[in-house]
Amino acid sequence: MREFKSVEDKILDKALYLIGQNRTLDVSVRAIAKEANVNVSAINYYFRSKEEMLRQVKQFFLTNTLTILSIIDNDEYNDEEKLILAANEIMEYILRFPGVTVIIRDALSQIENDELSLNIVNSTNEMHGKLEKILCKLTENNKISSKHKMSIFMASIIHPLENNDIMEFTKGIADTKEERIEYIKNIIKALSFA
């Protein structure tokens, strides 16, 4: 996952955080500046406009999706390692940037008008397709349909993280990489024998 290091990155980081908290891309520049502990003029300086800042947020999302695809396509890993590492990356990304699903929903609504949104949707679909194929190979003894397996798998890695504010779902399953990997292995194991 790409890390944020500069002031510009810090602003993007806080924008993603607020998008997730508010469950909308419609977050004010003033709120982002306050969260990032910068002046509103800093956002204008680095991005020229809110639209450009949101474009860079979407580009960051796309970059991280391509990182997950590179894990899935890496022949140095076996199928189980690919699935575990990719799922961990997704979980880590959602923990750090809770606005992920908001970006996907927005991209779906903008797909006709925006090439970046089209790229987000296409890369997300490609990632899901490849993950589903690997999951089905690993759980071939389970006769549940591949779509149901994938829905259960994705819900298991996303729901606890996106709804942690309702209940403390992530205690003991998402605090560290080791906990996440153990949790993902248990999901695969449960789907293998259902």
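Rule-based calculations on the coordinates, nothing more; no lab input. In this text the structure is predicted, and so the values were computed from the model without any measurement. Positions of Cβ are generated from backbone atoms using ideal geometry, with glycine treated the same way; all protein chains shown enter the neighbour counts.
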Among [x] 0.93; [y] 1.00; [z] 1.08, the entry matching Cα Rg over 2.2 N^0.38 Å as calculated here is [z]
In Hz, Karplus ³J(HN,Hα) per residue of region 62-72 (6.51, -1.76, 1.60; θ = phi - 60°; x = Gly, Pro): 4, 4, 5, 5, 5, 5, 5, 4, 5, 5, 4
About its Cα centre, how strong a charge dipole does the chain have in debye, to the nearest 20, once Lys and Arg get +1 and Asp and Glu get -1 at the Cβ? 360 debye
With springs only between Cα atoms under 10 Å apart, run a GNM on the chain and tell me which of 23, 48, 96 wobbles the most. 48
Loop only by DSSP, 14 or fewer other Cβ within 10 Å of the Cβ. Give me the GluC sites (Glu not before Pro) in region 83-141 that pass, ordered by residue number. 112, 140
How much length, in nm to one decimal, is gained on full extension between residue 140 and residue 158, taken as 0.36 nm per residue of separation minus their Cα-Cα distance? 4.2 nm
Filter 14/82; 147/177; 58/82; 34/58; 82/130; 10/34 down to the pairs with a C-alpha to C-alpha distance above 19 Å, please. 14/82; 147/177; 58/82; 34/58
Under 10 Å, Cα contacts only: if you run a Gaussian network model on the chain, which one of 17, 93, 77 comes out with the highest mean-square fluctuation? 77
Among 125, 33, 190, whose Cα lies farthest out toward the positive end of the dipole of the chain, if unit charges sit on the beta carbon of Lys, Arg (+1) and Asp, Glu (-1)? 33
Going by Cα centres, region 39-65 and region 82-141 are how many Å apart? 21 Å
Please list, in order along region 114-131, the HN-Hα scalar couplings obtained from phi with the Karplus expression 6.51 cos²θ - 1.76 cosθ + 1.60 (θ = phi - 60°), rounded to whole Hz, x for Gly and Pro. 9, 5, 5, 4, 4, 5, 4, 5, 5, 5, 5, 5, 4, 4, 4, x, 5, 5
Taking only C-alpha pairs under 8 Å that are 6+ residues apart, what is the relative contact order of the chain in percent? 22 percent
Nearest 500 deg cm²/dmol is fine: what mean residue ellipticity at 222 nm does the chain get from its DSSP H runs of n ≥ 4 alone, each adding -39,500 (n - 2.57), divided by its residue count? -24000 deg cm²/dmol
